[in-house]
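Structure record follows, encoded as structure tokens.
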Protein chains: 2
Amino acid sequence: MAKELKELTSRSENYSQWYNDLVIKADLAENSAVRGCMVIKPYGYAIWEKMQAELDRMFKETGHVNAYFPLFIPKSFLSKEADHVEGFAKECAVVTHYRLKNSSDGRGLIVDPEAKLEEELIVRPTSETIIWNTYKNWIQSYRDLPILVNQWANVVRWEMRTRLFLRTAEFLWQEGHTAHATEEEAVEESIKMMNVYADFAENFMGVPVVKGTKTANERFAGALETFCIEALMQDGKALQAGTSHFLGQNFAKAFDVTFLDKSNKLDYVWASSWGVSTRLMGALIMTHSDDNGLVLPPKLAPYQVVIVPIYKNEEQLTSITQKVNDIIAKLKSKGISVKYDSSDTKKPGWKFAEYELKGVPVRLAIGARDLENGTIEVARRDKLSKETVSLENIEDYIADLLDDIQHNIFQKALDFRTSVTREVNSYDEFKEEIEKGGFLLCHWDGTSETEEKIKEETKATIRCIPFDGDKTPGKCMVTGAPSTQRVIFARAY
Amino acid sequence: MAKELKELTSRSENYSQWYNDLVIKADLAENSAVRGCMVIKPYGYAIWEKMQAELDRMFKETGHVNAYFPLFIPKSFLSKEADHVEGFAKECAVVTHYRLKNSSDGRGLIVDPEAKLEEELIVRPTSETIIWNTYKNWIQSYRDLPILVNQWANVVRWEMRTRLFLRTAEFLWQEGHTAHATEEEAVEESIKMMNVYADFAENFMGVPVVKGTKTANERFAGALETFCIEALMQDGKALQAGTSHFLGQNFAKAFDVTFLDKSNKLDYVWASSWGVSTRLMGALIMTHSDDNGLVLPPKLAPYQVVIVPIYKNEEQLTSITQKVNDIIAKLKSKGISVKYDSSDTKKPGWKFAEYELKGVPVRLAIGARDLENGTIEVARRDKLSKETVSLENIEDYIADLLDDIQHNIFQKALDFRTSVTREVNSYDEFKEEIEKGGFLLCHWDGTSETEEKIKEETKATIRCIPFDGDKTPGKCMVTGAPSTQRVIFARAY
């Protein structure tokens, strides 16, 4: 789209600028005319669609169904859960009127003062309130439980500082909202979905994550426990990639949702909610990409292979295209998606750079000599390496290569994370180390006061109390008070 | 969900009540706490998901890609296309503020007057304006064209009288927005998408439609030509099922979107837009369903077959289940979706009524005697008939049966439409006939005045100027002025 292929800012020069350049130049997304809202462009949206398809499949395999609830939430609903309103009232889009009209002074469209809503509506920042108000009518007895519902939707949070994919006023996400007869079952569900998210992040996105729980400070507004997956970006900053909340009976109490249990006793319903968003696109981009552009995991690439013909005349192009059609058929038989770019308005060199920028996992180039030799040039995006291979069984070769790339980018990200994850034992050391980025494993006394002091003084937060790893007790690096296990500190997106 | 299986209101008794009852009792959707906004329940949403999947596949096969544009439209954008603003300003949700706060008098949450937006934002009623404002930056030359983009999204139109699926303040839809170098290409695209919609309606939904163009009165606000597909419901009322608009250069001019053509001449870009919405759910329900409940086309049913075991004790259930597992495997090998309902809290009779209500195309019942005889009872929802058949090659039998049901419900709807479509030649006859419902083929003089007079006096509108059928000229039934062909009149949803 008439875009010049300029070089990206390099990561070492300015990481933040590199990210913005990349999102724009790889045609993933751009800022819109509406403050804080982005346009997700076709190439970016194609990646998001692949993410959605896999997640949706995983949700359905774990027994969930999709539904759809209103975009708007009556203002009074927000107030019903005390913590929830604190968390969301400060940054929401408020609908106050339902009509425009032409101004009498001819100065154009104005809000019609006579079309004022009796009660203002909030554009959903998350849907617990409207959904639990609905569940009230769906649930009478334990036979109506569990309810395992997910919604794909757009939500709005009026963020003041926005960045494409990472923090936007409107974003796309899924939000699961489940209702259960017992506390145990609701906790189990919350943990199950954290595990689904971790599985997706690692095995599809190729992004290694740490599973754990949030501290009280970092918990979702209205939750008793927030489970999360935390990723680490190449600049050493953490990114919360998904959260799953055990909501206790908070929303059931706020919306009076009760049920008769098996012993005919009335009780409030137990809840979980969980979500991931287009923010995952940011995690994907920042985990794998390099100074040449995007690096995509084969499992989420809009097309996994691009084929570029190298020819001097129409005749050569015709014979190459004939051979390429064979190759495409073979690749497709293996479920591999392919794009053949035979457009004659761009030179091969331009195409190579373009598909490198767009992160296509494998690039094949084929010329007249290859036709003679029965070979093809195979370039892999992750290592920027290339080799010439025989066309015999090319489909098996490429299938293996895609697996290898998928594995390699995960391993590379994991190795990086390992290299910047370290134990820190004193607060002085911490202040020095946090400047270098990465995950710092530290003892903490479990109080919000200490956590806040550290945040104020170093901008680092506790990313999670990890499930796995060393559980040796110790002493808080700040107060010296006892600590049951190390927690993960980092600066975060 | 603790729902009693009460009888539906019959269609003859009260068609409108029958529709509402059915939508609620079949668990398709319900009204929410927000005026005019619905909750789409899991069973209803599963049908919508099937519709989406097929449409999305058809859009991609015709070269389109998906993208996402902001939910909000700056107020000033709406005003830029004169007809467009007339069509949409009167019924829109207006965001005026971006924050709530606690009131100083302790009376709860109020809109923070200090968080007033400089320019109000409209929740999109359709996205031409925000999209063409974006295309401005995407298009410089003919090489950037065509742009063939579709968006799946929610939109809001502040309707005063709402009905589940048919007319709701918020609804889900897809909106295609394409940009072309020539008028011819844009018209071709608009017609192509009308044909895609017709193909989908007839071959997936089983809903026969008439293709045609709208009169100037009924055109989309901002279009030069609106192509449409019109369906006919069982009560004789028409339902507009999908529209595709040729927008000319109207939006390109409003948003100053120009391009250099092949001869290096600057021109405005040509446009189309096209959409179908959750309204299709209403068309689906009202075309096929009966007094026993929903009738679903096999191609869109969340599950095509339900199996109900008939047993007296656990032992019988165990042997039946064993056999059923075989049957399920065989059906799945044919791509047939199956639900096995072996729950022991409901009697078979209750289950039969429930799945009839929910429109499952085929119900299989199997008991101890069937096991002995190697048979199974097969009931088809469309004809409410049943027979006992051999289990041998049951998968082929069911596959054929599903095809037959798909074909039969379409044919039945087509026969009905044919039976209530007739030529009417005088306005007196028209006034009488319109009371009986159906499509009336009449000569009309082509003027908006006559069309409006007819609408005022009879509540009938011109549904479309049909593409196919008799093109014999005649004289307007009202004014006697010449008419080039008969057009279709009906009362409509």
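Can you tell me which of B:T278, B:T287 is touching a Gly at 6+ places or on another chain (Cβ under 8 Å), of a type outside the set (A, V, I, L, M) and closer than 30 Å to B:V420 by Cα? Exactly one of B:T278, B:T287 is touching a Gly at 6+ places or on another chain (Cβ under 8 Å), of a type outside the set (A, V, I, L, M) and closer than 30 Å to B:V420 by Cα, namely B:T287. Mind checking which residues of region B:19-47 are open to solvent by 30 Å² or more (accessible area, probe 1.4 Å) and either in a loop (DSSP other than H, G, I, E, B) or on the phi > 0 side of the Ramachandran plot (or both)? Those that are open to solvent by 30 Å² or more (accessible area, probe 1.4 Å) and either in a loop (DSSP other than H, G, I, E, B) or on the phi > 0 side of the Ramachandran plot (or both): B:A33, B:R35.
If you filter region B:446-465 down to residues that are of a type in the set (D, E) and open to solvent by 30 Å² or more (accessible area, probe 1.4 Å), you find that the one that is farthest from B:T287 (Cα to Cα) is B:E449. For B:S79, the conditions (1) at pLDDT 95 or above; (2) within 9 Å of chain A (Cβ to nearest Cβ); (3) within 23 Å of B:H177 (Cα to Cα) are fulfilled apart from (1).
All of B:E120, B:E175, B:E86 fail the test of being under 29 Å from B:N31 (Cβ atoms), at the interface with another protein chain (Cβ under 10 Å from one of its Cβ atoms) and not polar (S, T, N, Q), apart from B:E120.
For region A:328-420, the strands (runs of 3 or more DSSP E) that sit wholly inside it and include 1 or more residues that are away from chain B (no Cβ under 14 Å), at pLDDT 95 or above and over 29 Å from A:A29 (Cβ atoms) are A:362-367, A:375-380, A:385-390. Taking the conditions (1) within 12 Å of another protein chain (Cβ to nearest Cβ); (2) over 22 Å from B:F59 (Cβ atoms) in turn, B:L148 satisfies each one other than (2).
For region A:161-184, the set of residues classified as more than 19 Å from the chain's Cα centre (by Cα) and in contact (Cβ under 8 Å) with a residue 12 or more places away in the chain consists of A:T178, A:A179, A:H180, A:A181, A:T182, A:E183, listed by residue number. What number of residues within region A:256-307 satisfy the criterion of being farther than 30 Å from A:K347 by Cβ and more than 16 Å from the chain's Cα centre (by Cα)? Residues that pass the stated criteria total 18. The residues listed here are B:T278, B:T287, B:T345; of these, the one that is of a type in the set (V, I, T) and farther than 22 Å from B:L232 by Cα is B:T345. Filtering region B:32-53 to residues that are aliphatic (A, V, I, L, M) and more than 8 Å from every other protein chain (Cβ to nearest Cβ) leaves B:I47, B:M51, B:A53. In region A:174-188, the qualifying residues are those that are surrounded by fewer than 18 Cβ atoms within 10 Å (Cβ to Cβ) and not β-branched (V, I, T), and the one that is nearest to A:F200 (Cα to Cα) is A:E188. When the residues of region A:103-117 are filtered to those that are more than 7 Å from every other protein chain (Cβ to nearest Cβ) and part of a loop (DSSP other than H, G, I, E, B), the one that is most open to solvent (accessible area, probe 1.4 Å) is A:R107.
Of the residues making up region B:65-74, those that are within 7 Å of chain A (Cβ to nearest Cβ) and either β-branched (V, I, T) or farther than 29 Å from A:Y43 by Cα (or both) number 1.
Can you find even one residue in region B:414-425 that is closer than 23 Å to B:K332 by Cβ and open to solvent by less than 80 Å² (accessible area, probe 1.4 Å)? Scanning region B:414-425, I find no residue that is closer than 23 Å to B:K332 by Cβ and open to solvent by less than 80 Å² (accessible area, probe 1.4 Å), so the answer is no. Starting from region B:239-261, take each residue that is in contact (Cβ under 8 Å) with a residue 24 or more places away in the chain and list its partners that are β-branched (V, I, T) and open to solvent by 30 Å² or more (accessible area, probe 1.4 Å), counting only C-beta distances under 6 angstrom and pairs at least six apart or across chains. Final answer for the pair search is B:F246/B:V187.
Checked against the criterion of being over 25 Å from A:V295 (Cα atoms) and of a type outside the set (A, V, I, L, M), the candidates A:E61, A:E49, A:E54, A:E30 yield just one match: A:E61. Pairs linking a residue in region A:304-333 that is free of Cβ contacts under 8 Å to residues at least 24 places away in the same chain and under 19 Å from A:R369 (Cα atoms) to a residue that is in a helix (DSSP H, G or I) and open to solvent by 80 Å² or more (accessible area, probe 1.4 Å), with Cβ atoms under 9 Å and 6 or more positions apart or on different chains, do not occur.
Can you say whether B:T62 is among the β-branched types (V, I, T) and away from chain A (no Cβ under 11 Å), as far as the supplied structure shows? For B:T62, the condition - among the β-branched types (V, I, T) and away from chain A (no Cβ under 11 Å) - is met. Screening B:E7 on (1) assigned to a helix (DSSP H, G or I); (2) of a type in the set (D, E); (3) modelled with pLDDT under 95 shows it passes everything except condition (1).
For region A:48-102, which residues satisfy the criterion of being among the β-branched types (V, I, T), more than 19 Å from B:R35 (Cα to Cα) and outside any helix (DSSP H, G or I)? Result: A:T62, A:V65. Scan region A:131-184 for residues that are assigned to a strand (DSSP E or B) and polar (S, T, N, Q) and the total you get is 6.
State whether one or more residues within region A:268-279 are part of a loop (DSSP other than H, G, I, E, B), of a type in the set (V, I, T) and either free of Cβ contacts under 8 Å to residues at least 12 places away in the same chain or more than 23 Å from A:D27 (Cβ to Cβ) (or both). Yes; the residues of region A:268-279 include at least one that is part of a loop (DSSP other than H, G, I, E, B), of a type in the set (V, I, T) and either free of Cβ contacts under 8 Å to residues at least 12 places away in the same chain or more than 23 Å from A:D27 (Cβ to Cβ) (or both). Just to be sure, is A:D428 in a helix (DSSP H, G or I), closer than 25 Å to A:A283 by Cβ and among the charged types (D, E, K, R)? Criteria not met by A:D428.
The values are calculated or read from the model by the stated rules, or taken from the named source; none is laboratory data. This is a predicted model, so every value here is computed, not measured. No Cβ is skipped: glycine too gets one built from the backbone with ideal geometry, and neighbour counts run over all protein chains shown. Surface areas here come from the heavy atoms of the whole protein model, side chains and all, with no ligands, DNA or RNA. Shrake-Rupley method; radii C 1.70, N 1.55, O 1.52, S 1.80 Å.
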